[in-house]
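What follows draws every value from the coordinates through simple rules; no lab data is involved. All values reported here derive from a predicted model rather than from experimental measurement. Here the Cβ is made from the backbone with ideal geometry for all residues, glycine too, and neighbour counts use every protein chain on show.
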Amino acid sequence: MTRILIALTYYYPHWTGLTANAQNLAEGLARRGHTVTVLTSRYRRDLPREERHRGVHIVREPSWLRLSRGQVMPGFAGAVWRLLREHDLALVFTPMLETWLVGALAHRAGKPMVMAHQGDLVMPRGAWNQMVQRGMNWLLERGARIADRITILNRDYAEHSAYLRPHLDKVAAIYPPMDIPRPRPEAVRAWRRELGLEGRPVVGFAGRWVEEKGFDYLLQAMPLVAEAIPGVALAFAGETNVAYEAFYERCRPLIEANAGRLHVLGLITDRQRLADYYALCDLFVLPSRTDCFAVVQVEAMLCGTPVVASDIPGAREPVRATGMGLCVPSGDPRALAEGIVQVLRERERYCRPCAEIAAVFDPEETISAYERLFDELLAGGGAGRG
């Protein structure tokens, strides 16, 4: 069995697509008998420095301050060096400020480093944010050079990424490990009654309310959808108060234009409740400007809900792989509205059996793919080929 050190900025109980991917992978590897330690930030003071959760040993390094989306952890290098001596390899989930540092220390210890890239860093507008993005991209480029292998969630995104294209020779495309319970029909019906959505078609979107996710396009599209399908509603699940971006406030006029149509449900972290949310929606929309691979799309499909997604590298992968939905041009509210109307009117045409979707995105195959990658690296003599 392999001893794996995973490093990333945020981990349980923090919840984003990146942390969900990392947690599902860590717990899946632990279930197969591997020793898994996660080194992450102690981004909240009420979190314990160390704990064991679902077979994974979590070590949280204190953070002195938040730098945009990152955390400044002065003791991080020492913690990496200490833990590397107890593990066979390092796996870093990026974007992460310390990617190159982990790779350099791993190679110094004679251990390989794998970079699990979750998508290029895209910051909102503003001089400060763009300076952060340039600095982070420089650090990530150094990390990519030093990594022995790089995993990415799909090949489509890698081939269109200016950041990854120079490193395609060491890129392995592996789908994220998906995990979502089956929806509860009675709970879904009760929730619809509670929200006053009985008999109304419901469009859903889940994620951070940030510019990158393109929620403004969806808000612009909804009045056009309502012209064709009166009574249509929009159910949003996610955070509106994002610390590093005030995009929600910039969307106020669009929110007001959708008064009576928009239902803000807040961040849903309970997995069963999240499955019920997907089933509550007749259609799930991903209107992103950029997106490597939004796991929410696949979660929606696994709960029986078709998808309309932006036709951009990475984001279009789930629809292309399953046929469970439509891809529409990014940044075009009218095209988005037309896609939503088409799928709502011909919904059965775009639905697929859940078992069929689960076979495409098999979490056990994801775990096996990582095991094969680790075995290959360790059999090849360790570190230093990045």
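Once you have the Cα-Cα distance between R334 and A187, take 0.36 nm times their residue separation minus that, and quote the gain in nm to one decimal.
Details: separation 147, 0.36 × 147 = 52.92 nm, distance 3.37 nm.
In short, 49.5 nm is gained.
Give the calculated FRET efficiency between R31 and A259 to the nearest 0.05, with a Förster radius of 56 Å applied to their Cβ-Cβ distance.
Details: r = 47 Å, r/R0 = 0.83.
Result of the calculation: an efficiency of 0.75.
Helix 99-108 versus the longest principal axis of the chain: what angle, 0 to 90°, nearest 10, using Cα atoms?
Approximately 30 degrees, to the nearest 10.
Can you give me the Cα centroid spacing of segment 74-113 and segment 1-40 in angstrom?
15
Counting only DSSP beta bridges with both residues in the chain, tell me the antiparallel percent, nearest 5. Intermediate values should be presented prior to the final figure.
On the way: 8 of 52 bridges.
Given both bridge residues lie in the chain, the antiparallel proportion sits at roughly 15 percent.
Once Cα extents along the principal axes in Å is worked out from the coordinates, which option in (1) 63, 46, 41; (2) 72, 49, 39; (3) 90, 49, 48 does it equal?
Of the listed options (1) 63, 46, 41; (2) 72, 49, 39; (3) 90, 49, 48, (1) comes from this structure.
For the chain, with the dipole built from +1 on Lys and Arg beta-carbon atoms and -1 on Asp and Glu ones, taken about the Cα centre, which of A77, I174, N258 lies farthest toward the positive end?
Of the options given, the answer is A77.
Could you list W138, W100, W15 so that the one with the fewest beta carbons within 10 Å of its beta carbon is first and the one with the most is last? Walk me through the numbers on the way to the answer.
On the way: W138 11, W100 22, W15 17.
Result, fewest neighbours first: W138, W15, W100.
Kindly state, to the nearest 0.05, the FRET efficiency for D169 paired with S368, given R0 = 25 Å and r defined as their beta-carbon distance.
The value I calculate is 0.65.
Considering only E27, E159, E86, give the residue with the highest GNM mean-square fluctuation for the chain, with springs between Cα atoms whenever their separation is below 10 Å.
In this elastic network of the chain, the residue with the biggest mean-square fluctuation among E27, E159, E86 is E86.
Who wins for biggest fluctuation among G75, G196, G55 in a Gaussian network model of the chain, springs between alpha carbons below 10 Å?
G196
Using 0.36 nm per residue, how much length does the chain from R345 to A162 gain when fully extended, once their Cα-Cα distance is taken away?
Details: separation 183, 0.36 × 183 = 65.88 nm, distance 3.84 nm.
Fully extending the segment from R345 to A162 adds 62.0 nm.
Show that you can apply the helix-only estimate: for the chain, add -39,500 (n - 2.57) for every DSSP H stretch of four or more residues, divide by all residues, and state [θ] at 222 nm to the nearest 500.
On the way: 16 runs with 160 residues, N = 386.
One gets -12000 deg cm²/dmol as the mean residue ellipticity at 222 nm.
Would you kindly state how much longer the chain becomes between E86 and T16 on full extension, computed as 0.36 nm times their sequence separation minus their alpha carbon distance, in nm to one decimal? Walk me through the numbers before you get to the answer.
Details: separation 70, 0.36 × 70 = 25.20 nm, distance 2.85 nm.
Extending this stretch completely gives an extra 22.3 nm.
How high is the FRET efficiency between E50 and R252 when r is their beta carbon distance and R₀ equals 45 Å, given to the nearest 0.05?
My answer for the efficiency is 0.60.
Considering only DSSP states other than H, G, I, E and B, which chymotrypsin sites (Phe, Trp or Tyr not before Pro) in segment 157-202 qualify as loop sites with at most 16 other Cβ atoms within 10 Å?
Y163
Mind checking which of A233, A246, A158 has the largest fluctuation in a GNM of the chain, springs on alpha carbons under 10 Å?
A246
In whole angstrom, note down how far apart the Cα centers of segment 176-245 and segment 327-362 are.
The two parts, judged by their Cα centres, are 14 Å apart.
Out of all DSSP beta bridges with both ends in segment 15-65, state the antiparallel percent to the nearest 5. Don't jump to the answer; show the numbers that get you there.
Working: 4 of 10 bridges.
Roughly 40 percent of the DSSP beta bridges within segment 15-65 come out antiparallel.
Helix 215-228 versus the longest principal axis of the chain: what angle, 0 to 90°, nearest 10, using Cα atoms?
With rounding to tens, the tilt is 20 degrees.
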